């Protein structure tokens, strides 16, 4: 997140577009934080994020529509396996509208679902209308979260470091206790 923040602060809207194609949620949150600092404006940010996401969704749809041979050979490299495509195809079969909504909302299965929409030749304009609607709603929510809570990432990071330190101390204490118990057991068994 820190890297995206630095990139956006340095290159502003120029880097926002390519990041929006691949970065989605994190980019929206960081952009909301930068809006709160008056470094960005809401309207250009939401427009760029939607445009970038549209291009990303179109690429995924196109891969599914025209790149099945390529996917079958190399899809595993980006998390798209034939098993996942088969499951997504079953989901799309009867409920393609719900499946596109779910694919846009659920980050983990999203790529596979959007590729499956292309494989099943879902009407592109219908597909894009759903994608834009979900992207707009999700991006506005994430920008608002970034606007109000974006500065908290430093505090969250600091607290995570404190918790990690305490976890390491506790883990070390458990390991020492376990080693002492093992030593006692071995000493008793020798006698």
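Values quoted throughout were computed directly from the atomic coordinates according to the rules given, and no laboratory measurement underlies them. As the structure is a prediction and not an experimental result, all values here were calculated from the model. A quick note on method: Cβ atoms are made from the backbone with ideal geometry, for glycine too, and the neighbour counts reach across all protein chains shown.
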| query | Once label points are set 7 Å from the Cα along Cα→Cβ at both residue 187 and residue 137, what is their separation, rounded to one decimal in nm? | reply | 6.5 nm
| query | With labels modelled as points extended 7 Å from the Cα through the Cβ direction, what inter-label distance (nm, one decimal) is found for residue 10 paired with residue 41? | reply | 2.6 nm
| task | Work out, step by step, the length gained on full extension between residue 83 and residue 166: first 0.36 nm times the residue separation, then minus their alpha carbon distance; give nm to one decimal. | result | 25.7 nm
| field | Cα-based shape type of segment 2-150, given that a ≥ b ≥ c are square roots of the gyration tensor eigenvalues and the cut on a/c is 1.5 | value | prolate
